[in-house]
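Everything below concerns the one structure shown next.
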Amino acid sequence: MIPAPVQVAVVDDDPSLCRSLGRLLRAAGMEPVTYGSAEAFLADTAQPPFDCLVLDVQLGGMSGLELGHWLAAEGGAPPIIYVTAYDDAQTRQRAERAGCAAYFRKSDAGERVLDEIRRLAGKGAAPAPALP
């Protein structure tokens, strides 16, 4: 039996990041669905059951952190990886409080992000590791 591909939602208001991360995920055999906002993600009633979410911390409208809190309150959210272009200690603390499974800067290597998605999708919701 062939295992189902990993389903990953990418929520980022930067279209070039959505395209490049989508290509990277497809090249790794995953099935990404990209959204330009948290609101677009929430409005999609035809979502597959995602194995992992990659959320930009800062979005126009509802932020990625607010989306993470909302999903956690609803229960049953898949593991969340937060990405940001503006890394600082306060943002990391807010991501931890929002229940992140992993946290990356947008400048971090794509292979590190792929490895983390594979780890999270293989184990389901994992305890959040200590942030570097």
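Since every read-out is calculated from the coordinates, none of them should be taken as a lab result. Quick caveat: nothing in here was measured; it's all calculated off a predicted structure. In this analysis, Cβ positions are derived from the backbone assuming ideal geometry, glycine residues included, and neighbour counts consider all displayed protein chains.
Structure above, values below:
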| quantity | calculated |
| --- | --- |
| Members of region 84-100 found to be of a type in the set (G, A, S) and part of a helix (DSSP H, G or I), listed by number | A89, A95 |
| Members of region 43-59 found to be charged (D, E, K, R) and assigned to a helix (DSSP H, G or I), listed by number | none |
| Residues of region 101-118 that turn out to be part of a helix (DSSP H, G or I) and either surrounded by 20 or more Cβ atoms within 10 Å (Cβ to Cβ) or of a type in the set (S, T, N, Q) (or both), as a count | 3 |
| Matching residues, region 36-72, being acidic (D, E) and more than 11 Å from the chain's Cα centre (by Cα) | E39, D44, E66 |
| Among (1) of a type outside the set (G, A, S); (2) surrounded by 17 or more Cβ atoms within 10 Å (Cβ to Cβ); (3) free of Cβ contacts under 8 Å to residues at least 60 places away in the same chain, the one test that V54 misses | (3) |
| Some residue of region 123-132 being aliphatic (A, V, I, L, M), buried (at least 18 other Cβ atoms within 10 Å of the Cβ) and either in contact (Cβ under 8 Å) with a residue 60 or more places away in the chain or closer than 21 Å to Q7 by Cβ (or both) | no |
| Residue that is in a loop (DSSP other than H, G, I, E, B), surrounded by fewer than 20 Cβ atoms within 10 Å (Cβ to Cβ) and either of a type in the set (G, A, S) or touching a residue at least 60 places away in the same chain (Cβ under 8 Å) (or both), where the choices are A77, A73, A40 | A77 |
| Residues satisfying the stated conditions in region 25-40, i.e. touching a Leu at 6+ places or on another chain (Cβ under 7 Å) and either of a type in the set (D, E, K, R) or within 19 Å of T84 (Cα to Cα) (or both) | P32, S37, A38 |
